[in-house]
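Peer 1: After the C-alpha cells below, expect a handful of questions from me.
The values are calculated or read from the model by the stated rules, or taken from the named source; none is laboratory data. These figures come from a predicted structure and were not determined experimentally. Cβ: placed from backbone, ideal geometry, glycine included. Neighbour counts: every protein chain shown. The accessibility values were calculated without ligands, DNA or RNA, using every heavy atom of the protein model including side chains. Shrake-Rupley method; radii C 1.70, N 1.55, O 1.52, S 1.80 Å.
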Amino acid sequence: MKHTISVFVSGAKRLKDHRMQLKVLANDMNGEFRKKGYNIILNMYSYMNLGDDQREYDDFIKHKSDIVLFIIEDIMGEKTRNEFLVASEAYKKSGSPKVYVFLKEFKQRTSEIQAIEDLVNSNSDFYYVEYTNIEDLVFKVRKRLQQDVLERVDKLNASPKKVVFKYKLWALVMTAACILMAAIGLYSRYHQSQSVILLFAGGGSATNCLKTNYKDVGDVYQYENAISIGLPTSISWSLISGEILHHHAKKSDRVQLPFFPICLSAKEAKESDFLKLTDRDQFVKKGSVLSLKIGYDCLKVYVKKSMDNELVNGRDTISSSDLAKLIRLSMDNGYEIFSTQEGSGTLLSYREILSPFNIDISKNSMGDTLQWFSQTTSSSIIRKKEAPYLILGSEYYVANEVFEEGDCRGIIIKNKEGKVEKKAIYLYFAGYYHGQEGQTFWIPDEMVDFLKKMNPKFGDVIKNNLIPRKNEMVIVPIDNLVNMNSGKDDE
C-alpha cells in the first residue's frame, strides 16, 4: 500500500519558477523512493493545481496537507500571511501540517523581514531557513523532505515482524547482560535470593550529574548489587519499553532475568520513544514509564586553546547562531569536530539548537570531519592532527584527558534569548500496573531503596512498593511526590 505525503507550496504567485522546480524535485524524489523500495509518494500542490479559490487553498492546508512550504522573498503578501495563520492554527489543534519557511537571504534587515521572523518565531516547532537562489532552495527543501520521509519510513517499517525482531533483540541484550553478571559472580548470588539487580543504562552526562548531586547514590558504576552500561539514550529507552512488555508476557514465553533497567538521560523523552514495540493502547494496559527530573546540564563547546578566531577569542559564552558559524568555519578549514555518539541525549540537543541554521551533526552530512568521543577518549586521538578542533560536550561531559591537560577550554552556549542552553537530566524506569483496576504502579524493593537514597521522603509516599496512578499516560512524572530541589540548577 502506497502512503502519500501531501505538500502545499505557498508564496507569491510570481514565484512560478520556484514552484516548477519544486515539482520537478518531487518527481525526482519519488523515483529515488521507488528504487529504495519506499512505499511513499510525495505529492506537491500549489495554486497551480487548485485554481483561484482562496477558500479551497485554506481547506487544503487545514485538512489535506502534511507539510506546507512557505517560499518568501523580501515581503510576505496578505494572502500568504493568511495562509501561514491558517496553517499555524491547524498545527496547534492537530499537530498537522508541519510548517517550513524558506526566506530568501537578505542584505538589509527591514521592518518587513523582522515581521516575518517574528511571525515564524511565534511557534518554536516551525522550521525556518534562508536560501540564496532557486538551486539553493531546491537543495534545502530536498534535505528537509528527506528527513521527513525517513521518519515516515521508520514508522511504516514497524511491522509485526519488525516488532518481533526488536523484542528478540531486547531479549538478547538482556541475556548478554545476564552472562556478564554471571561472569562477575553477581547473577548466581542474587538469583538464589530472587533479588532484583538494577541495570543502569544511559549516557555519561546524566551519570555524572547523578554522581555530583546525589551523594548517597554516588557513582552508579560502584552502586551495590547493580550493573551499569553506557548506552545511547534511544537504546536505553527501548530497554524500558521491553521490560514493561516482557514483565507482562506469558510466563511460558519469558526468559527469567533478575534485571530492572533504569535509564539515565540528558534528553526529555516523548511518548513515541517508548512505542517502538507496540501501540499506545496496548502499552498503557501493562504499565507506564515513570520519570524523574534529577537536575540540569548546560551545553558547552570545548575549543583548542590555541584556536585564533573572533568567534571564540576571550569569550566565555557563545550564541547558537555563532556556534553554527564556528562549525561551518571548522568544516571549511578541515578541523575535526567531536560529538557524543549517535542516539545520545547530548547529540540530540545539539541537533535541535543547530537545525534552524541548517546544520546537521551526522556522519551523512559531515563525513570524516565528524568524530565520536567519550569521556575516556585519549588526548592523543583528539590532538592527532595538531590542529584546532571542537568538542560538542556539556558541563558534565567532555573528553577528560585532553581537558585535564589544559589543551582546551569550555564555552557555554546561549540560546537566541541570551539564556544558557540548559538540558534537563531525567531518570526513567518502569512502573507496572497493579490491582484489579490498575490504580497504582508497582516497583521492586531495590528501586524503592534507590529512590530513598535520592530523597528519603520517597519512603513516606511509597508504601508496599506502590505509587499512586492517576492517569493512563505512557510517561508519568513523579516529581510531585517529593521536593527534588536539593541544590541542583533550577530553570
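Peer 1: Given a cut-off of 26 Å, name the pairs among 211/385; 13/64; 16/140; 13/140 whose C-alpha atoms lie farther apart than that in the structure shown.
Peer 2: As for pairs spanning more than 26 Å Cα to Cα, those are 211/385.
Peer 1: Specify which residue in the list 329, 390, 365 is farthest towards the positive end of the charge dipole of segment 279-409, using unit charges on the beta carbon of Lys, Arg (+1) and Asp, Glu (-1), about the Cα centre.
Peer 2: 365
Peer 1: Can you list the residues, at least 5 places off or on another chain, whose amide H is less than 5 Å from the amide H of residue 476, using H built in the peptide plane?
Peer 2: Distant-sequence amide H within range of residue 476: 289, 290, 291.
Peer 1: Check each of the trypsin sites (Lys or Arg not before Pro) in segment 13-47 and keep only those in coil by DSSP with at most 15 other C-beta atoms within 10 angstrom; list them in order.
Peer 2: 13, 14
Peer 1: Right, next: In whole percent, and with a 1.4 Å probe on the protein chains, what portion of the accessible area of segment 1-118 is carbon and sulfur? Please report the intermediate quantities before stating the final value.
Peer 2: Numbers: 3010 of 6480 Å².
The value for segment 1-118 is 46 percent carbon and sulfur by accessible area.
Peer 1: Right, another one. Starting with the highest mean, order 93-105, 335-347 by the number of other Cβ atoms within 10 Å, averaged over the residues of each peptide.
Peer 2: Final packing ranking: 335-347, 93-105.
Peer 1: Please turn the phi angles of segment 362-371 into ³J(HN,Hα) values with the Karplus equation 6.51 cos²θ - 1.76 cosθ + 1.60 (θ = phi - 60°), one per residue in order, whole Hz, x for glycine and proline.
Peer 2: 8, 5, 4, 9, 10, x, 6, 4, 8, 10
Peer 1: Under 18 Å Cα-Cα from residue 36, which aspartates and glutamates qualify once same-chain neighbours fewer than 8 residues away are excluded?
Peer 2: List returned: 28, 148, 151, 154.
Peer 1: I'd like the distance between the alpha-carbon centres of segment 36-55 and segment 195-216, rounded to an integer number of Å.
Peer 2: Here the two parts' Cα centres lie 49 Å apart.
Peer 1: For segment 319-359, which whole-number percentage of the solvent-accessible area (1.4 Å probe, protein heavy atoms only) is attributable to carbon and sulfur atoms?
Peer 2: Working: 740 of 1490 Å².
So the carbon and sulfur contribution to the accessible surface is 50 percent.
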